[in-house]
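Let me begin by presenting the structure, written as structure tokens, before commenting on it.
The values are calculated or read from the model by the stated rules, or taken from the named source; none is laboratory data. Just so it is clear, the structure is predicted and the values come from calculations on it, not from any experiment. Cβ sites come from the backbone with ideal geometry, for glycine too, and all protein chains shown count toward neighbours. Protein only, heavy atoms only, side chains kept; ligands, DNA and RNA dropped before computing areas. Shrake-Rupley method; radii C 1.70, N 1.55, O 1.52, S 1.80 Å.
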Amino acid sequence: MATDSNYGAFMEKFILPPSSSSPGLPLSSLTFAVKELFDVEGHVTGFGNPDWARTHPVASSTAPAISALLNAGATCVGTTVMDEMAYSINGENVHYGTPRNPCAADRVPGGSSSGSAVAVGAKLVDFSIGTDTGGSVRVPSSYCGIFGFRPSHGTVSTSGVVPMAQSFDTVGWFARDPVILSRVGRVLLQLPEVTPIRPTRIIIADDCFQLSSIPHNLVAEIFIKAVEKLYGDDVLKHEILGDYVMVGVPSLRHFMTGNSQSDQVYNIPSLAALSSAMRLLQRYEFKNNHGEWVSTVKPDIGPGISERVSDALRATGENIDLCRSVKEEMRDALSSLLGDFGVLVIPTVPGPPPKLGTNAPELEIFRAKAFALLSIAGVSGLCQVSVPMGMHEDLPVSISLVAAHGADRFLLNLTERLYDLLKQDIVPASL
């Protein structure tokens, strides 16, 4: 393994050995790192902010998700840097430094699970654990050229994890190859081995790919070619997802902003509304979780995140019931579209990772498109995997597969099978 000296991925290094040294355990001999919002007995859970660490005691127990990995034979080697209070997808932390993107040193690593993604991408560990509320596993995995899995909402215990917004919080994980991704998934999801199932439909969301700056032939066409080779072309379907969501999620009309045509050029109106509903409920729940602490301690919080925290503290209960209706309708709509063993194919993010220090207006346009894509699985609670698709102009690119709630094992198996073909046609990332 490489060392962390050039990457800045770790907050604290320590060795937490596996509960058993039996070589037959599913994660035997593998090392992993943990995002700094999971409780680890005897260590302070810092939540990415020094004032949080200063005002909280050491953890008296270890989060069940981490214990499960130790019980499966893995060794924990430390905690990783994260965005403050998990409130950014950039991966920059003014207090502890920004972990260096192993694929592109002048680009952000993605957050908020920045150090966890960098530790895997830089080959410092075999896999790592993060959380994904609005995109905090999917985004950094895409930016760092690795696999990232956001499980179906509620399927992995979040006990012993500092909450961000419980309606969306999930425990996710990173790996450099789909085999280890699946091995970790079997442990965290407590799933038995199953025979891989042929997907009933693989749906390309054509309008979502129009949000991406990556040429269509470098991602979607390579993916389609692999699907046709493995399953034939009869399984492939195409969908204008924005139109489908507009019809299938009627409560979204309350979040439509009446965008002008110029706004619609860079976003899909129904998915932009979906993102608005997601972020409103996220702010409301963040305030309920942490508003009292922020108001009392008045912590030093870096730029960008401090403004989001301030917005959250002003949140009221207005339209919260509508947000919850949107969540239910979105899950029902996508469940109907996909069935038990269908897959939706979308870009993970709308392009390669932004440059460090990108100006706020430019970054906000990118973020708006990113959250339109991220809210699809985020609001519905479906499982999603971000799959690295190599490099374009020396920057990492990816594609995402979304499957039904509870179809996590199916999605992990499918990713393994497809990637054997995909990797033949993509330009791999290298350190």
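Using amide H atoms built 1.01 Å from N in the peptide plane, name the residues 5+ places from residue 31, or on other chains, whose amide H lies under 5 Å from its own.
Hits under the 5 Å cutoff: 75, 126, 127.
For the chain, give the percent of accessible area contributed by carbon and sulfur heavy atoms, probe 1.4 Å, rounded to a whole number.
Ligands and nucleic acids excluded, carbon and sulfur reach 50 percent.
At what distance in angstrom do the alpha carbon centres of region 353-423 and region 100-162 lie from each other?
If you average the Cα positions of each part, the centres end up 11 Å apart.
What longest region of the chain stays clear of GluC sites (Glu not before Pro) that DSSP places outside H, G, I, E and B and that have at most 15 other Cβ atoms within 10 Å?
It runs 42-192.
Nearest 20 debye, what's the magnitude of the dipole of the chain about its Cα centre given +1 on Lys and Arg Cβ and -1 on Asp and Glu Cβ?
380
Work out the charge dipole of region 153-280 with +1 on the Cβ of Lys and Arg and -1 on the Cβ of Asp and Glu about the Cα centre, then indicate which of 163, 224, 276 is farthest towards its positive end.
The residue sitting most towards the positive pole is 163.
Return the Rg/Rh value of region 197-303, two decimal places, where both radii are evaluated on C-alpha atoms and Rh is the Kirkwood radius.
Value, to two decimals: 1.14.
Under 5 Å between amide hydrogens, which residues at least 5 positions from residue 59 or on another chain qualify, with H placed 1.01 Å from N in the peptide plane?
Close amide H contacts, sequence-distant or interchain: 40, 42, 43, 44, 45.
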